[in-house]
Amino acid sequence: MDISSILQGGYQHPLSRSWQGRRQLTKSMFMYPIFITDDPDASVIIPSLPGQRRWGVNQLETFLSPLVKKGLKSVILFGVPLTCEKDGRGTPADDPSGPVIQAIKKIRLLFPSLYIACDVCLCEYTSHGHCGLLHADGTINTKPSVLRLAEVSVNYAKAGAHCVAPSDMMDGRIKAIKQALIAADLASKCTLMSYSAKFASALYGPFRDAAGSAPSFGDRKCYQLPPTAKGLARRAIQRDIVEGADIIMVKPALPYLDIISDATQLASDHPIACYQVSGEFAMIHAGAAAGVYDLKTMAFETTESMVRAGATLILSYFTPDFLDWLEV
């Protein structure tokens with residue numbers, strides 16, 4: 001054989017195999033999405049998301065304490081209002097007595113070192129279930145939508161959030177949020193993580209079950225990206241960089257590894273996040289339950305593919321598992 005043909009000597013040992021990766025999974029790379037409901041004592045199983053629950057603020061200490069001790073570094077909060085009165089502009093989103101702001105304050109008090117991101121969207125709080133305000137004909141009214149999203153972002157930051165993460169995909173909302181944070185003297189105290197390339201995916205089903213965020217009519221294809229739209233995704237990433245995003249996110253993760261890779265080139269000086277969404281998580285569990293593969297092995301394979309593509313931050317429901325798996 002030619003010298004150039006011999007590769008196996010470089011990965012014949014478990015340790016030398018580990019050296020072949022440019023970057024390896026660490027606990028700090030995982031951000032845990034958690035659902036906060038307006039029943040303060042809630043601990044409600046979400047059937048379509050194995051092992052996940054909706055939590056009330058009074059349960060957060062019991063729930064998060066063991067995870068923080070294992071090395072949990074960050075969470076992202078999703079509000080699940082079940083008893084509030086929703087309206088066309090998502091008024092409950094930043095209600096001071098609502099689940100998200102109450103959870104921010106509680107976590108800051110209980111776990112001062114835990115990094116808190118907040119998903120910013122209106123769909124859970126609007127009477128129509130869409131991610132922005134609507135015209136009379138049911139189409140998105142962009143200008144008041146981005147102003148409202150900016151208002152919610154500022155109120156989360158004022159409550160103590162370290163990061164706001166708009167997931168709505170409204171045009172111009174990154175610039176509006178950044179300007180609002182600057183005006184409130186919070187831009188240097190709060191990270192702006194943009195769901196820059198969020199695709200209209202079939203993999204969001206369990207999340208909509210968990211968050212109660214399905215639209216009451218139509219769909220979100222007019223503002224979430226078409227799955228084939230590589231060029232649109234690149235343009236959205238470039239736009240959000242210019243508008244002031246501190247972190248660029250791609251969602252979902254596994255079907256869009258090429259977009260994660262593109263993001264690392266387009267935003268080479270930014271952290272790159274990806275969201276291993278509810279459908280990806282449920283799918284991996286379903287395959288393991290059917291005996292197709294080992295759960296841990298597939299969880300590692302999928303998340304390592306995201307890191308290989310360029311992700312530096314992974315939002316994943318597997319986070320508690322990886323806190324154990326990465327211990328050894």
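The values are calculated or read from the model by the stated rules, or taken from the named source; none is laboratory data. Quick caveat, the model's predicted, so the values are computed rather than measured. No Cβ is skipped: glycine too gets one built from the backbone with ideal geometry, and neighbour counts run over all protein chains shown. Ligands, DNA and RNA are excluded from the accessible area calculation, which covers all protein heavy atoms including side chains. Shrake-Rupley method; radii C 1.70, N 1.55, O 1.52, S 1.80 Å.
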Original post:
Which lysines, on any chain, are close to K178 with Cα under 19 Å apart, when same-chain ones fewer than 8 places away are left out?
Top reply: K143, K158, K189
Subject >> Fluctuation leader among M249, M283, M306 - the chain, Gaussian network, Cα springs under 10 angstrom >> reply: M283
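As a check on your grasp of the helix formula, calculate [θ] at 222 nm for the chain: sum -39500 (n - 2.57) over DSSP H runs of n ≥ 4, divide by the residue count, round to the nearest 500.
Values: 11 runs with 122 residues, N = 328.
The helix contribution divided over the chain gives -11500 deg cm²/dmol.
Nearest 0.05, what FRET efficiency do E301 and T228 give at R0 = 25 Å with Cβ-Cβ as r?
E between E301 and T228, to the nearest 0.05, is 0.50.
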Subject >> 5 angstrom amide H check on M31, placed H, neighbours 5+ away >> reply: I314, L315, S316
Original post:
Once amide H atoms are built 1.01 Å from N in the peptide plane, which residues 5 or more positions from A187, or in another chain, come under 5 Å H to H?
Top reply: I182
Original post:
Excluding ligands, DNA and RNA, what is the solvent-accessible area per residue of the chain at a probe of 1.4 Å, expressed in Å²?
Top reply: 44 Å²
Original post:
Around L133, which amide H atoms from residues at least 5 apart in sequence, or from another chain, sit under 5 Å from its own amide H, with H modelled in the peptide plane?
Top reply: N141, S145
Original post:
What does the accessible area of R17 come to, in Å² to the nearest 10, when a probe of 1.4 Å is used?
Top reply: 120 Å²
Original post:
Which sequence of K251, K69 reflects their accessible areas, 1.4 Å probe, from the largest down?
Top reply: K69, K251
Original post:
Assuming R0 = 35 Å, what is the FRET efficiency of S18 and Q179, from their Cβ-Cβ distance, to the nearest 0.05?
Top reply: 0.20
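Provide the FRET efficiency to the nearest 0.05 for the L82-Q8 pair, computing r from the beta carbons and using R0 = 45 Å.
Details: r = 56 Å, r/R0 = 1.25.
Approximately 0.20, to the nearest 0.05.
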**OP:** Once you have the Cα-Cα distance between D321 and D294, take 0.36 nm times their residue separation minus that, and quote the gain in nm to one decimal.
**Re:** 8.4 nm
Original post:
How many Å³ per residue does the convex hull of the Cα positions in the range 70-162 occupy?
Top reply: 95 Å³
Original post:
So which trypsin sites (Lys or Arg not before Pro) in the range 121-209 end up in coil per DSSP with only 14 or fewer other C-beta atoms within 10 Å?
Top reply: K189
